[in-house]
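Okay, structure first, notes after.
The values are calculated or read from the model by the stated rules, or taken from the named source; none is laboratory data. Predicted model, so just to flag it, every value in this text is computed and none were measured. Please note: Cβ atoms are built from the backbone with ideal geometry, for glycine as well, and neighbour counts cover all protein chains shown.
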Amino acid sequence: MDKRSYWIAFNKVPGIGPARLSALLETCGDIESAWHASIRQLQAARLDRRTIETLLEARRTIEPERELARAQAAGVHVLTWDDDDYPSALRPVEHAPPVLYLRGKLTSQDEWAVAVVGTRRASTYGKEVAQVLARELARAGVTIVSGLALGIDTVAHRAAVEAGGRTIAVLGSGVDQIYPPQNRGLANTVTQQGALISEYALGTRPEANNFPPRNRIISGLSRGVIIVEAGERSGALITAKFAVEQGRELFAVPGSILHPGSTGCNTLIQQGATPLLSVDEVIEQLNLVRVVEQRDARATVPATAEEAQLLASLSSNPCHVDDLVRSSSMSSAQVMSLLAMLELKGLVRQVAAMTYVRT
């Protein structure tokens, strides 16, 4: 049986989130064994009685194969922690979703992504700023990530599409339950030039408590987050909070101190967010000026055996050059040269002096 079916089945069990599923995998070894775990194994994974009872009931009512077939029939692709093409930027994020449902497709270009989010009650100023930012970033080869909400999100997605760029919409519902309904046409367009993504099972309605958690995915997929316009209680501020926790660069567009829709952004700037005055600042600060150069390098420079060996020694955990020299039996000069080429290709990233991670 396709093991994705078990991932989907677990995703439909209330109370089994990333932390508990991770504990089950550690105890049982793999996703199939976890689904068929004994009571003793469930207790060893430190599941409480209520969660165990919920899971046992789910195993009686959920047919994993049928759930996978349903997704396939709907043209929905399923990505899990087990998949190599699970987004590399999202994987190390705390509480990264074990399952992602996808309409459209992700490409290597999406590694260079920036989130553009803001209030649903956008002003004329906010809409104009969002349009200019998303359009110019998309033209520069940057993927625009947002939440498909009315207001700033809608403007950002449309601007990216109209510029011929890529865009990703992260939903607070199943990818077959488009919300708001006014954006169904836009959602279809997004699937042609990017993807709709959700951690929620097919059929999940857009309930209010689904939206705050999805914001960690918006920031997790992105190298930086731009808050265009946000009131004092805007949901965009939740995305800003996740961006800070995940170590993403946070930008906020300054606005009038007399306009309530600018209160959130102005407060973020006061608290340390970078005030955004031009697209060039985003491109320079996130080193996105090299997007085209990196993409071309990937296409024209084939990976060598030495590059593959070095990549195999790297992960999302920071690794010092000295450790790479010891593990690879290469000279320091050779390792540094290979790292420079891999960084140019966007396959590795320097996170501190002489310290690298695999992207």
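Consider region 232-284. How many of its residues are outside any helix (DSSP H, G or I), closer than 27 Å to residue 95 by Cα and not β-branched (Val, Ile, Thr)?
Filtering region 232-284 down to residues outside any helix (DSSP H, G or I) leaves 232-235, 246-259, 271-278.
With closer than 27 Å to residue 95 by Cα added as a condition, the list becomes 232-235, 246-252, 271-274.
Still in the list and also not β-branched (Val, Ile, Thr): 232-235, 246-252, 271-273.
Result for region 232-284: 14.
Please determine, by comparing only the residues of region 150-186 that are closer than 28 Å to residue 8 by Cα and in contact (Cβ under 8 Å) with a residue 60 or more places away in the chain, which one is nearest to the chain's Cα centre (by Cα).
So the residue we want is 168.
Only one of (1) under 23 Å from the mean Cα position of the chain (by Cα); (2) at pLDDT below 95 fails for residue 6. Which number is that?
(2)
Taking residue 94, is it among the charged types (D, E, K, R) and within 30 Å of residue 256 (Cα to Cα)?
Values: among the charged types (D, E, K, R): yes; within 30 Å of residue 256 (Cα to Cα): no.
Here the answer is no, as residue 94 does not meet what is asked.
Identify the residue in region 68-104 that is of a type in the set (S, T, N, Q) and either over 20 Å from residue 114 (Cβ atoms) or assigned by TED's automatic domain parsing to the domain that holds residue 10 (or both) and, among all such residues, is surrounded by the most Cβ atoms within 10 Å (Cβ to Cβ). Talk me through it step by step, then tell me what you get.
Here is the first cut: in region 68-104, the residues of a type in the set (S, T, N, Q) are 72, 80, 88.
Add one more test, that the residue is either over 20 Å from residue 114 (Cβ atoms) or assigned by TED's automatic domain parsing to the domain that holds residue 10 (or both), and what stays is 72, 80.
Working: 72: 13, 80: 18.
Among them, the one singled out is 80.
If I filter region 223-243 for residues that are more than 19 Å from residue 142 (Cβ to Cβ), out of contact with any helix residue (DSSP H, G or I) (no Cβ under 8 Å at 6 or more places or on another chain), in the same structural domain as residue 152 (by TED's automatic domain parsing) and of a type in the set (Asp, Glu), do I get at least one hit?
Checking region 223-243: not a single residue is more than 19 Å from residue 142 (Cβ to Cβ), out of contact with any helix residue (DSSP H, G or I) (no Cβ under 8 Å at 6 or more places or on another chain), in the same structural domain as residue 152 (by TED's automatic domain parsing) and of a type in the set (Asp, Glu).
Check whether at least one residue in region 181-195 is in the same structural domain as residue 158 (by TED's automatic domain parsing), of a type in the set (Gly, Ala, Ser) and either buried (at least 22 other Cβ atoms within 10 Å of the Cβ) or at pLDDT below 95 (or both), and report yes or no.
Initial filter on region 181-195 (in the same structural domain as residue 158 (by TED's automatic domain parsing)): 181-195.
Of the ones still in play, those that are also of a type in the set (Gly, Ala, Ser) are 185, 187, 194-195.
After this cut, where a residue has to be either buried (at least 22 other Cβ atoms within 10 Å of the Cβ) or at pLDDT below 95 (or both) as well, the list is 194-195.
Yes; the residues of region 181-195 include at least one that is in the same structural domain as residue 158 (by TED's automatic domain parsing), of a type in the set (Gly, Ala, Ser) and either buried (at least 22 other Cβ atoms within 10 Å of the Cβ) or at pLDDT below 95 (or both).
Given the conditions (1) part of a helix (DSSP H, G or I); (2) at pLDDT 85 or above; (3) surrounded by 15 or more Cβ atoms within 10 Å (Cβ to Cβ), report the number of the one that residue 322 does not fulfil.
With respect to (1) part of a helix (DSSP H, G or I); (2) at pLDDT 85 or above; (3) surrounded by 15 or more Cβ atoms within 10 Å (Cβ to Cβ), residue 322 is out only on (3).
If I ask for residues that are out of contact with any helix residue (DSSP H, G or I) (no Cβ under 6 Å at 6 or more places or on another chain), surrounded by 16 or more Cβ atoms within 10 Å (Cβ to Cβ) and more than 13 Å from residue 354 (Cβ to Cβ), which ones from region 329-341 would you list? Step through it out loud before you land on a result.
Residues of region 329-341 that are out of contact with any helix residue (DSSP H, G or I) (no Cβ under 6 Å at 6 or more places or on another chain), as a first pass: 329-331, 333-334, 336-337, 339-341.
Still in the list and also surrounded by 16 or more Cβ atoms within 10 Å (Cβ to Cβ): 330, 339, 341.
Scanning region 329-341 gives 330, 341.
Can you pull out the strands (runs of 3 or more DSSP E) entirely within region 58-171 that have at least 2 residues that are small (Gly, Ala, Ser)?
Strands (runs of 3 or more DSSP E) meeting the threshold: 113-117.
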